[in-house]
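Chemist: For reference, the structure I am asking about is given below.
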Amino acid sequence: MKNAIILAILYLFVSTVFGQNTTKAFNCDQILSGTDIENSLYAGAVDKIILKCSPKGAGRYKEVSIGKKKDKNYFEKEHNIVWIKFKAKSTGKMTFRIKPMSENDDYDFLLFKDNGDLSSKSLRSKSVLPIRANLSRNKKEEKGVTGLSFSAENTHNVSGLHNNFSKVTSVVMGENYYLVIDNVYDEGKGAIIYFDYYLTKIISGIVVNEEKSKFLNADVSWNELKTGKTLATAKTDSVTGLFDIEVPYKESDVKEKYVLNAYSKEHFFAEKQFTVEEIKSHELPFINILLPKLKKGLRNQLHNINFIANLPKFLPGAYPSLKKLKKLMKRNSSLKILIEGHTNGCSNGEDFSQVLSNERALAVKKYLIDEGIESDRMKTIGWNCKHMLFPNAKNQIEMSLNRRVEILVTEY
């Protein structure tokens, strides 16, 4: 009984320390003092770290510079350095994003795991190596963001124009890590570091055409609905149409949804949503994905191109579907479509709903035009609240699905 009480108290302590969303902020004086490992800033187990200023100046001992270009494990030079020590908050796959407060800042990083052999001496002798590194040049289209990502293939990226993300790493809750950041340019504005932890599961399936007569060579992706982030990708076997994809999910966020997408040329793409409970509760069944072949008169409901209530503004989760639609249009140059906008009811009057549904359809068209699709391949129409999927919507999900667009193939 005594041991059970002790274990319960320990579980409560761990849940309290590691289970809450936590932020650690460091002021300018602290950041300026953290230029060597012995003076590392201690963040603990956190979800977010705020650096209120950019680091300034090199470390005293030049622990992580080597004076050579294209070395994947070290900086060529320490420009503006800060060391941060943190604990893994959860067991699983860890990602992080270093987001500069100024898009012009160029942050490089090295990530070390503390196995008890990490010290200034071992760093200077180069006897320990970072488990992840990214020294790529700042990409303006990425707004200077760097970090670890599921979409990255390399654990280390050398200097130059390369992927500004490195591959995720597996961690165990409570392990210690050191993140050393170098802002290549002077007079930086600081940064925010966001951490996320995921579990993974294998999903297996097959992609075939709608008539089930042909196995398809298809691209498969796994997206986080709330943010629109692509977390995993795979390809089907070109002969059998079979695929396996390791999909990440956040066990703690039970309200989160994920979307499995499949795309094949000359076919309309398909999307299937999963909740965290569905992923966790049992072994996922073998997934059969049917893709309709493009033809005149084909209609497709895009359940994931959704909008903020009473606005023609996309929710973040709409962007993976928008990108798939762009890809479809680019790869099938003879395809022409009618984009149909819809609203969730007419509570503000039919005139308001009509304008809103028109604007939602036009928002999709504008996105595609901005992505290089010819305007004359697209027409739009708004249906206000005439064709709701759920005329008596009972929850937010049904309301969200009413705020949608549909695509009608007018020529192919």
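Just so it is clear, none of the values below were taken in a lab; they were calculated from the coordinates. Bear in mind the structure is a predicted one, so any value in this text is a computation, not a measurement. Neighbour counts run over all protein chains shown; Cβ positions are idealised from the backbone, glycine included.
Chemist: Under 14 Å from a point 7 Å along the Cα-to-Cβ line of L161: which residues of the range 84-121 have their amide N that close?
Modeler: Backbone N within reach: none found.
Chemist: Can I ask one more? So if each residue of separation counts as 0.36 nm, and I subtract the Cα-Cα distance between S33 and Q301, what length gain in nm does that give?
Modeler: Working: separation 268, 0.36 × 268 = 96.48 nm, distance 5.57 nm.
Going from the current span to full extension adds 90.9 nm.
Chemist: Given 0.36 nm per residue, what is the gain on full extension from E350 to M101 after removing their alpha carbon distance, in nm?
Modeler: Net length gain for the segment: 85.3 nm.
Chemist: Hey, another quick one. Which order do H342, H282, H156 fall in if you start with the one that has the fewest other Cβ atoms within 10 Å?
Modeler: Values: H342 25, H282 8, H156 19.
The order, fewest Cβ neighbours first, is H282, H156, H342.
Chemist: Continuing with this model, one more query. What is the spin-label model distance, in nm, from E374 to Y412 if the labels are put 7 Å beyond Cα along the C-beta direction?
Modeler: 1.8
Chemist: Additional query: Once a ≥ b ≥ c are taken as the square roots of the eigenvalues of the Cα gyration tensor of the range 37-122, is the result rounded (a/c under 1.5), prolate (a/b larger than b/c) or oblate (a/b not larger than b/c)?
Modeler: Values: a/c = 1.55, a/b = 1.14, b/c = 1.35.
Here the range 37-122 falls in the oblate category.
Chemist: Please report the relative contact order for the chain, taking Cα pairs under 8 Å with a sequence separation of at least 6, and give it as a percent rounded to a whole number. Walk me through the numbers before you get to the answer.
Modeler: Values: 1005 pairs, mean separation 50.6, N = 412.
Once divided by the residue count of the chain, the mean separation gives 12 percent.
Chemist: How far is it, in nm, from the label point at E283 to the one at I66 when both lie 7 Å from their Cα along the line to the Cβ?
Modeler: 4.5
Chemist: What whole-number distance in Å separates the alpha-carbon centres of the range 331-361 and the range 193-251?
Modeler: For the range 331-361 versus the range 193-251, the Cα centre distance is 29 Å.
Chemist: Could you please report the charge total around S127, scoring K, R as +1 and D, E as -1 over all other residues with beta-carbon less than 10 angstrom from its beta-carbon? Write down the numbers at each step before the final one.
Modeler: Values: positive: K121, R124, K126; negative: D117.
Net charge around S127: +2.
Chemist: Related question: Around T343, what is the net charge, scoring Lys/Arg as +1 and Asp/Glu as -1 over all other residues with Cβ under 14 Å from its Cβ?
Modeler: Numbers: positive: K313, R360, K386, R403, R404; negative: E340, E350, D351, E359, E398, E406.
Surrounding charge for T343 is -1.
Chemist: Go ahead and set up a Gaussian network model of the chain, Cα springs under 10 Å, then flag whichever of T200, T230, T22 fluctuates most.
Modeler: T22
Chemist: Report, in whole Å, the centroid distance computed from the Cα atoms of the range 40-92 and the range 374-394.
Modeler: Cα centroid to Cα centroid, the span is 50 Å.
Chemist: Shifting gears a bit: Distance check, please: which entries in K48/K366; K70/K201; K113/K189; K212/K250 exceed 31 angstrom between their Cα atoms?
Modeler: Numbers: K48/K366 35 Å; K70/K201 36 Å; K113/K189 27 Å; K212/K250 34 Å.
Violating the 31 Å limit, Cα to Cα: K48/K366; K70/K201; K212/K250.
Chemist: Now, a different point. Find how many whole Å separate the alpha carbon centroid of the range 144-187 from the alpha carbon centroid of the range 262-296.
Modeler: Rounded to whole Å, the Cα centres lie 31 Å apart.
Chemist: On a 0 to 90 degree scale, rounded to 10, what angle separates helix 350-370 from the longest Cα axis of the chain?
Modeler: 60
Chemist: Efficiency by 1/(1 + (r/R0)^6): what FRET value for K126 and Y185, r their Cβ-Cβ distance, R0 = 22 Å, to the nearest 0.05?
Modeler: Numbers: r = 26 Å, r/R0 = 1.18.
About 0.25, to the nearest 0.05.
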